[in-house]
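K.L.:
If you scroll down you'll find the structure; I have some questions about it.
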Amino acid sequence: MKAISLIKHSKGALGLRLFGLGPNLKPTDGLNKLQKLLDKNAFWAKNRTIHDLKKCLANSDVIISLWVGNEIVGFGRALTDGIYRGVLWDIVIDQNHQGKGFGKLIIKNLLSSRKIKNTKKLYLMTTNKKIFYSQFDFKEVISQDLLIREI
């Protein structure tokens, strides 16, 4: 059985972003593997370029990746001001590894991170996983409207 590794990246995920580091700080082509994970498992994250992923990681406050051996099978990140508001983004588990508790592991580590754990209000958008996120006390909000500006 291959080892499972959860990586709590430093702010900006320098090792993953610049050197493709994975488990044990070893080069694993991690950024390309992340791109493939997102492309294959998240319709809303298809066709993200390596350049854009680097920028996205550089500007993220909390980044978690989950590996089985040298393959990335899960990912999640968050942005926050550290006190009032935060947003969880890009939570993805490879379809071949769903149902193994990996999603819970990523969410628990995001929520317990130093930057997120005391944030008063966390936002999360999901297309079809409301029931999954409800176990972490996320509730559907119908009293507000979601507004989006796309460029």
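Every number in this text was worked out from the coordinates using simple rules, so none of it is lab data. A quick note: this is a predicted structure, and the numbers were derived from the prediction, not measured. Here the Cβ is made from the backbone with ideal geometry for all residues, glycine too, and neighbour counts use every protein chain on show.
K.L.:
When P(r) over Cα pairs in 5 Å bins from 0, in percent is calculated directly from the model, which label among (i) 2, 8, 13, 15, 13, 10, 9, 7, 6, 5, 4, 3, 3, 2, 1, 0, 0; (ii) 2, 7, 6, 6, 5, 5, 5, 4, 5, 4, 4, 4, 4, 4, 5, 5, 5, 5, 4, 3, 3, 2, 2, 1, 0, 0; (iii) 2, 9, 19, 23, 22, 15, 8, 2, 1, 0 fits?
P.N.:
Only one option fits the structure, namely (iii).
K.L.:
Shifting gears a bit: With a cut-off of 8 Å between alpha carbons and a minimum separation of six or more residues, what is the relative contact order of the range 4-134 in percent?
P.N.:
Relative CO of the range 4-134 lands at 23 percent.
K.L.:
Also, quick follow-up: Starting with the fewest neighbours, write out Lys11, Lys33 ranked by other beta-carbon atoms found within 10 Å of each beta-carbon.
P.N.:
So the residues, fewest neighbours to most, are Lys11, Lys33.
K.L.:
May I pose another question? Less than 12 Å Cβ to Cβ from Leu79, Lys/Arg counted +1 and Asp/Glu -1: what total charge do the surrounding residues give?
P.N.:
Net of charged neighbours comes to +1.
K.L.:
Hey, which aspartates and glutamates would be in cross-link range of Lys104, C-alpha to C-alpha under 17 Å, not counting anything within fewer than 8 residues on its own chain?
P.N.:
In chain and number order, the partners are Asp90, Asp94, Asp137.
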